[in-house]
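The values are calculated or read from the model by the stated rules, or taken from the named source; none is laboratory data. It should be emphasised that the depicted structure is a prediction, and the values quoted were computed from it without experimental measurement. A quick note on method: Cβ atoms are made from the backbone with ideal geometry, for glycine too, and the neighbour counts reach across all protein chains shown. All accessible areas refer to the heavy atoms of the entire protein, side chains included, with ligands and DNA or RNA removed. Shrake-Rupley method; radii C 1.70, N 1.55, O 1.52, S 1.80 Å.
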Amino acid sequence: MFTDLSEAELRQHRSDLREPPDFDAFWAETLTEARSCGDPVTATPLSTPLTGVDVFDVTFPGFAGQPVRAWLRVPRGVSEPLPTVVQYVGYGGGRGHPLENLLWSAAGFAHLQMDTRGQGSGWSRGDTPDIAAAGPQAPGMATRGVEEPRRYYYRRFLTDAVRAVDAACELPAVDPARVAVLGHSQGGAAALAAAALAPQVRAAVAHVPFLCDIPRAVTLTDSAPFREIRDYLAVHRDREEQVWRTLSYVDGVAFARRATAPARFSVALMDEIVPPSTVYAAYHDYRGEKDLTVWRFNGHEAGGIDDDTAAVDFLRATLEV
C-alpha cells in the first residue's frame, strides 16, 4: 500500500529542515583533516576467471586517514582513462565479492565500489572496520555516536564517500574529469553527500536515498534503519535535542541544497523503509539539473534493473561516454 502522502501532495512537499549554522564549516574541517593524513591509495590486481574485466583490490585513506577498502573493476584491454562510477552500498552491506556487480565495467565504465566501514555482514561481505569509540546505541549503525556530531557514525561514513571520489581521481584507469557517484538507499545518501562535498563529481544517481528529512522519516516508518533512531529516543527520552542536532549535519536535504551536478533520483511510493516524502524533500531542494523516476507499485527495491538501465543511459549521456 502507499506509505505516505498522496502523489499530488508529494509533488508539493518541502522539508522544514533547520541546518546548523556551522554546517559548512563542520564539513570543511572534517574533510581538511581527512585529506591531511593516511597512507597513499593502493590498487593490487587480482587473478580472477573473468575474461573481459580486470579487478583491483583498492585501499584508500578515509575518515581521519583510516584505511577503507574498495573494488576497482575496469574493462580489459582499454588503455585510456575511462568515465568512472563510484558506487556506495546499501545498509548492512559491504563491497561484496570481487566477481559481483559487473554491470558498470561491462558497460564500459571504470567502477570503484566502496566498502562500508563496520558493515558488510547483513547481505554482502565487507572488509573495513569502524575504528571509533562509541557510547550507548540501539542495535545497528544509525545511532552509533548519535549524541555528538563529531563522534557520529555517519560523519565517518560520508567522509569515506568523499575520499573515495578523491581516491578514484588518483587511479590511472580513471578520467578525473568524468566521475559520477551512485547508490541505493544508504548508498544514495552517500551519493548526495559526495555530490555536495566533492567538487570532482560530474553526475549523481540517488535511488530511494536514505537519511533525508530525517526527523520526518522517524515518525513515518516502523522499519530499520530509521526505527533504530526511534528506539534510541524511546529509551533516552531526555536526549532528543542532542540527537536531532547531530542528525542535522548528515541530512540529505542539506546536501541536496549544495549539490549542482546533474542528478537522477528514484522514489517508490510503497516504500516502507524510506518514506517517499523524504526522497521528494531532497529532490525538490536539489540545486542542480535533476530528474525523478516514480515507481508507484514498488517498495524499497524501487525500479531494480530498470533503475540500473536508466542510470547507465543517464551517465553515458552526462559523462559523454
Net charge of neighbours whose Cβ lies under 10 Å from the Cβ of H184, counting Lys and Arg as +1 and Asp and Glu as -1: -3
Cβ crowding within 10 Å averaged over residues, with 230-240, 252-262, 50-60 ranked highest first: 252-262, 50-60, 230-240
Sequence-separation-based contact order of the chain, relative, with Cα cut under 8 Å and 6+ spacing, percent: 18 percent
Percentage, to the nearest whole number, of Cα pairs in the stretch 101-185 over 14 Å apart: 70 percent
Computed over the chain, Kirkwood Rh from alpha-carbon pairs, angstrom: 19.4 Å
Helix 305-318 axis, angle to the chain major axis (alpha carbon atoms, nearest 10°): 70 degrees
C-alpha long axis of helix 186-197 to longest principal axis of the chain, angle in °: 80 degrees
Cα-only radius of gyration and Dmax that characterise the stretch 218-282, units Å: 13.7, 41
Separation of the S36 and A134 label points, Cα + 7 Å toward Cβ, nm: 2.7 nm
Of all DSSP beta bridges in the chain, antiparallel share, percent nearest 5: 40 percent
Hull volume in cubic angstrom per residue (convex hull over the Cα atoms of the stretch 176-225): 64 Å³
Measure of compaction for the stretch 140-243 (Cα Rg per 2.2 N^0.38 Å): 1.23
Viscosity 0.890 mPa s, 25 °C: Kirkwood-radius Stokes-Einstein D of the stretch 115-155 over Cα pairs, µm²/s: 228 µm²/s
Near-label residues of the stretch 52-67 by backbone N, under 17 Å of a point 7 Å along Cα→Cβ of R76: 52-57
Accessible area (Å², per residue) of the chain, counting only protein heavy atoms and a probe of 1.4 Å: 40 Å²
The stretch 41-101: relative contact order in percent, alpha carbon pairs under 8 Å with at least 6 residues between: 27 percent
Segment A64-T51, extension gain: residue separation times 0.36 nm, minus the distance between their alpha carbons: 0.9 nm
Approximate spin-label separation D313-T44, in nm, with each point projected 7 Å along Cα-to-Cβ: 4.1 nm
Once the Cα gyration tensor of the stretch 243-321 is diagonalised, semi-axes √(5λ) in Å: 22, 19, 9
Normalised convex hull volume, the stretch 1-152, alpha-carbon set, Å³ per residue: 201 Å³
Highest-first arrangement of 303-314, 274-285, where packing means the average Cβ count within 10 Å: 274-285, 303-314
Top positive-direction residue, dipole computed over the chain with Cβ charges, set L233, A110, P67: P67
Segments 10-19, 196-205 sorted - mean Cβ within 10 Å per residue, highest first: 196-205, 10-19
Folded to 0 to 90 degrees: helix 23-35 orientation relative to the chain principal axis, Cα: 30 degrees
Computed over the stretch 118-202: relative contact order in percent, which uses C-alpha pairs under 8 Å that are six or more apart: 19 percent
